[in-house]
Amino acid sequence: MSVAVLPFLAFAVSQVGTPGPANMALMTTGAAFGLRAALPFVAGVALGKQLVIWPVGFGLMELAARAPWAFETLKWASAAYIIWLAWRVANMRLADAGDAKAPGFLAGLIVHPLNPKAWAMITGGFTAFVEPGTPTLEATATIAACLLGVQILLHPLWTWGGSLVALHLRGTSAERYLMWSLAALTVASVLFVLFGGGTP
């Protein structure tokens, strides 16, 4: 009775490291404000997944089976929030980003609780990589630690990637297209999760 840690870590890297609503929000924020200014947001996004892992580990999905409307509501609230984050920076010019305030820790903290990809990934992690009969605390703590470690490594890379792209385009004619492209990719990732019908 245990968690298949190595296979789960491979799964976690494949999910956390690929494009999705949270990573696009991180990249867009990095492009607009730079990695250093975005670090509180990055920390919030990383820790926010814990707000999903622990309730799921301790049986929230059983409740979800009895009240599916609550999770349908969560899915659409997620879309609205992440699209709002994209809109916030889509019209911003990088040269003016210093006049605006980067989203902070609390803004990042609610990204994953409002992210249907996070819920699906975590639920899949528990169902696919935890052996039946594993103590709840052991399973939940293992999943939580693995995901946090992967996020600490990969979330800043997405944010840094956005800042690097912006560094080369700041003040050029391509800057507007960069910001709108990042916003469009964010929205597209949300729509894919909402309507794609696949796994995260």
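The values are calculated or read from the model by the stated rules, or taken from the named source; none is laboratory data. None of these values were measured; they are calculated from a predicted model. Positions of Cβ are generated from backbone atoms using ideal geometry, with glycine treated the same way; all protein chains shown enter the neighbour counts.
Residue check, residue 129 against (1) over 29 Å from residue 139 (Cβ atoms); (2) modelled with pLDDT of 75 or more; (3) more than 18 Å from the chain's Cα centre (by Cα), all met but one. Which one?
(1)
Which of the following residues is modelled with pLDDT under 85, touching a Pro at 6+ places or on another chain (Cβ under 8 Å) and at negative phi: 35, 85? Give the derivation first.
Values: 35 fails: modelled with pLDDT under 85.
Checking each option against the conditions leaves just 85.
Are any residues in region 128-148 among the small types (Gly, Ala, Ser), under 21 Å from residue 18 (Cβ atoms) and surrounded by 15 or more Cβ atoms within 10 Å (Cβ to Cβ), and if so, which ones?
144
Please verify whether residue 30 is at pLDDT 75 or above, touching a helix residue (DSSP H, G or I) at 6+ places or on another chain (Cβ under 9 Å) and under 22 Å from residue 130 (Cα atoms), treating the condition exactly as stated. Don't jump to the end; show me each part of the working.
Values: at pLDDT 75 or above: yes; touching a helix residue (DSSP H, G or I) at 6+ places or on another chain (Cβ under 9 Å): yes; under 22 Å from residue 130 (Cα atoms): no.
No.
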